[in-house]
């Protein structure tokens with residue numbers, strides 16, 4: 001143990017990571033799963049356990065994993081273990097929120113976001129911007145300097161990101177594109193100027209066309225591209241083969257669609273008959289239905305907090321069965 005500490009002293013690791021690294025090696029030598037009982041009240045340390053696989057190098061990134069580079073994921077003593085399919089930029093916040101409910105996760109992003117260079121938005125005669133993703137909200141601050149322009153956000157998470165980036169005039173819908181459509185139609189004037197939707201190449205819910213049909217001059221600006229995964233990561237395959245994944249989380253229809261496509265592309269030696277699917281909305285759930293889940297659970301509200309609350313309820317009942 002002392003050797004491990006001294007080895008990492010000069011590598012810039014925080015003390016928590018050095019401690020976890022040593023404990024991982026100890027658990028490996030003992031050939032048993034490590035349960036971090038003493039970390040149950042230390043969520044900052046627990047959040048370091050997120051297992052994010054780098055798509056570029058195909059290895060575990062040391063800063064994101066509490067064990068050694070290339071090592072398999074460590075399962076905490078949670079009664080429900082979930083797989084995240086979100087883009088890597090959104091993983092950290094999700095892991096922290098799950099950790100607060102004592103739910104451990106591994107990550108295998110089904111989508112990779114690529115911001116585009118040289119994107120510009122002409123704000124002359126523009127009455128408002130429309131933002132339907134946290135990614136677009138994050139990129140918008142680097143595209144325009146006007147922080148007073150009205151911005152319609154699809155939901156609370158997107159609105160929160162816009163406010164954090166300094167935008168002052170933000171209105172939020174209730175979490176889906178149809179709610180955003182109703183909000184924009186109610187609060188905007190077809191004669192008041194252009195509406196500019198900022199997002200990826202794929203426009204969810206035909207928002208732009210539907211607004212045009214209502215008489216609004218609406219255009220779409222592509223701020224980023226999204227690449228879909230073509231295969232599951234090795235650690236995901238291993239976790240499924242060992243029966244260690246009890247649930248998969250889907251926050252977008254495109255992530256769900258990519259997961260279903262990857263699953264259908266190969267004949268895997270495991271099935272989803274004992275695995276739950278948690279979906280942010282019915283639209284998301286429609287993309288992964290009919291592929292053999294034990295149950296598909298739709299969040300009561302299209303927010304991360306509501307989805308995680310649904311997971312927490314199942315986690316509690318799962319723990320009760322285990323302890324019966």
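Extension gain for residue 231-residue 163 works out to 20.9 nm (0.36 nm per residue, less the C-alpha to C-alpha distance).
The calculated FRET efficiency for the pair residue 213 and residue 92, based on their C-beta separation and a Förster distance of 35 Å, comes to about 0.35. Could you give the distance between the Cα centres of the range 288-309 and the range 102-125, to the whole Å? Going from one Cα centre to the other spans 22 Å. In plain terms, the chain from residue 282 to residue 203 could stretch by 26.7 nm, reckoned as 0.36 nm per residue minus the Cα-Cα distance.
With the simple model of a label 7 Å out from the Cα in the direction of the Cβ, residue 186 to residue 122 spans 3.2 nm. Inter-label distance, residue 101 to residue 114: 3.4 nm, where each label sits 7 Å from its Cα along the C-beta direction.
The peptide list 284-291, 266-273, 119-126, put in order of mean Cβ contacts within 10 Å with the highest first, becomes 284-291, 119-126, 266-273.
Throughout, read-outs are computed from the coordinates displayed, never taken from laboratory work. Worth saying up front: this structure is predicted, and the values here are computed from it rather than measured. As a convention, Cβ positions derive from the backbone with ideal geometry for all residues, glycine included, and neighbour counts pool all protein chains shown.
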